[in-house]
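Please read the structure below before turning to the comments.
The values are calculated or read from the model by the stated rules, or taken from the named source; none is laboratory data. Keep in mind it's a predicted model, so treat the numbers as computed, not measured. Please note: Cβ atoms are built from the backbone with ideal geometry, for glycine as well, and neighbour counts cover all protein chains shown.
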Amino acid sequence: MFPWNRARWAVLWGLSLLLFAHVILYPVSSFEPNPSTTGLWTIAVTVVIYSALALGFWGFFHRRETRRRRRSRPVAGVAPA
């Protein structure tokens, strides 16, 4: 199978976010061929907020797991209680 590679996942995530934003911001429709700028800004702000929340959740759980690992490691030279 494919090994884990952080750089590849970051590129894949970034490209998918750009494609998602492009489809949402510039929909092609016979009902409304020229989307309004108000709708575009609303969607752009929503995508930015969603991205910030997603990265915030990832950062929180990543730091929490890192802290948990540090706490569970025995300190060298100290006998366990």
Quiz prompt | Flag if R63 is surrounded by 10 or more Cβ atoms within 10 Å (Cβ to Cβ), outside any loop (DSSP other than H, G, I, E, B), more than 13 Å from the chain's Cα centre (by Cα) and at pLDDT 75 or above | solution = yes
Exercise. Would you tally the residues in segment 1-42 being closer than 23 Å to W58 by Cβ, at pLDDT below 75 and of a type outside the set (F, W, Y)?
Key: 2
